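Worksheet: one structure, shown below.
The values are calculated or read from the model by the stated rules, or taken from the named source; none is laboratory data. These numbers come from a predicted model, not from an experiment. Glycine also receives a Cβ, built like all others from the backbone with ideal geometry; neighbour counts cover every protein chain displayed. Only protein heavy atoms, including side chains, enter the accessible area calculation; ligands, DNA and RNA are left aside. Shrake-Rupley method; radii C 1.70, N 1.55, O 1.52, S 1.80 Å.
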Amino acid sequence: MGLILAAALALVAIMFATGNTTPRLGVDLAGGTTVTLKAVPPKNNPGAVNSTSMSEAVSILQQRVNGMGVSEATVQTEGSDTIVVTIPKGNNTQQIEDEVGTTAKLYFRPVLAEAPSGVTVSSSASASASASKTASASASASAAASTQAKAATSGSAAATPSATKTQGDAVTGDLTKATPSASATAKAGASATAKSTATATSSAAAAAAASSSAAAAAASLTTGTVPADLTTAFANLDCSKQNQRVDHQTDQTKDAVACSSDAGAGYYIKYALGPVAVPGTDISSASAGISTQNGQWQVNLSFTGSGGSKFTAVTTKLAKNTTPANQFAIVLDGKVQSAPSVSTAITGGQAQITGSFTQQQATSLANVLSYGALPLDFSKQDVTTVSPELGSSQLTAGLVSGAIGLALVILYSLLYYRGLGLVAIAGLAVSAVLTYAIMCLLGATIGFALNLPAVCGAIVAIGITADSFVVYFERIRDELRHGSSLRPAVQRAWPKARRTILVADFVSFLAAAVLYFFTVGKVQGFAFTLGLTTLLDVVVIFLFTKPLITLLARRKFFAEGHPMSGLDPKRLGVRPPLRGGRRPVETKEA
């Protein structure tokens, strides 16, 4: 008994010394967001989803989350193909939702050809409809469109991200608004001008037809040479459709088609790309910083030794070509984030990707690139957000339920077992202290979070612990009914009660283990708490309850069967045993 009391005091002391005086609460009790990701195996390799790849994915995701400065977030696997990211309240949950499932497979591919795709001409149609009303409006629309075309031609250097050998061998590319080459932009602008002029002198119906024709004309503007193996795929690619805007080519040695990440100029750009020249795995580090040239945020890249050599080789080759063959596409998760052009070879293994993006965007991209790509693709299965107010109300409801259950057990113990009921209450108190201290320490060490099902498991444990007391008390009463005095009854009752208690606790623990290993989600919290409290029940009954009853059996209050002891012979239906008496000897008739 002294051992378990010392252990309980030691746990409490550690709990206060480390400052972990409250359990770590789960999202459903404290508020926050849970993102569930399911691994999607490649079609050509269904066995890619295994324990090794899942562990690697968890490690990368944990580094990403920590890199964003998120406090107390957890990343853990559930089952064989599911990862759950738990984000407590007070963090930028939207940013985390956007990034945790990003595969971050980065490739540098040479551009072979490009063309506008998914052109939107609503502004042209509107201008045409207005221009059809008056001749002066027609002239204005034509003039404005012509000026637009000239601006697109004269401003080609600004429209197209460029990669030049500047300080630190910087690669300049817009990661947020990928744009077509200067020639494609000029052609698209000239086509829009021609169509705007034509529609300015026609009726509204003719303007709509002209707008449709403008879209078709813009979509057909292709610069560069499309390889024969990509002709059909490139012609059929419509970047305005969500499911077509991702490069699904998994073979890095083959050509591919892909779309720009957004419609920055009112339409997407589709690209015909060559084989991967430099994979993202050749990036040794990435960080966000402010450009000393224009004061905008940029991502600074450092390549590995082999990556730097590959980058130098590809930029040397591209610098000799003309647009768009002098561009390389930065492809992140199948989407072209930028397609800068190269005028001179870039050496030194350093590069800078700049563009019109914010500090958060630059930091986010650098964070994703720093920790590498996920080994698998993931799809978001579920995103659950619980407000702090709802979590607090659920916690209160759980605590109230537990308090009611504990109060009923205590009341029953006192009414039925009287003095022995105090033993049961003391045992419940020791078990509660041990459970609380262990949960507090587990939250700080292994990240165990107490969720609502776990609270339910703790409430169920109250009945398990009380059941062990009932078994032992009833065995003692049975021995007394057979005429034994209290001290021998305590000793004789223990082996029988011990066997029953161990069998019952084994069944409970087995059920908890099955639930924990064969279920996912919050049910595991229930199983973990149930298993923990079942083990503590064995510890308490063996190291606290049994020694305590042995000591109390020597006290006159219990030994003589006081009416309030719970061992009153009259209530048990037997005569009071003599002090030091023995079990009556049965005599056989002759």
Exercise. Along the Cα-to-C-beta direction of L390, a point sits 7 Å from the Cα; which residues of region 524-553 have their amide N less than 20 Å from that point?
Worked result: 524-526
Exercise. Ranked highest first by the average count of other Cβ atoms within 10 Å around their residues, in what order do 488-496, 107-115 fall?
Worked result: 107-115, 488-496
For this session: Mind running the shape call on region 301-413? Use the C-alpha gyration tensor, a ≥ b ≥ c as the square roots of the eigenvalues: rounded below 1.5 for a/c, prolate if a/b tops b/c, oblate otherwise.
Result: prolate
Problem set entry | Inter-label distance for T52 and F517, nm, one decimal - labels placed 7 Å from Cα along Cα-to-Cβ | 2.4 nm
Problem set entry | 11 Å cut-off, amide nitrogen to a point 7 angstrom out along F506 Cα→Cβ, residues in region 523-544 | none
Problem set entry | Theoretical gain in end-to-end length, A407 to V574 [0.36 nm per residue, Cα-Cα removed] | 57.0 nm
For this session: Would you mind computing, in nm to one decimal, how far apart the modelled labels at L415 and Q293 are, each placed 7 Å from Cα along Cα→Cβ?
Result: 8.4 nm
For this session: Add +1 for every Lys or Arg and -1 for every Asp or Glu among the other residues with Cβ under 15 Å from the Cβ of T500, and state the total.
Result: +1
Problem set entry | For region 395-503, accessible area per residue (1.4 Å probe, heavy atoms of protein chains only), Å² | 44 Å²
For this session: Quickly work out the R555-to-I14 label distance, labels modelled 7 Å from Cα along the C-beta direction, and quote it in nm with one decimal.
Result: 3.1 nm
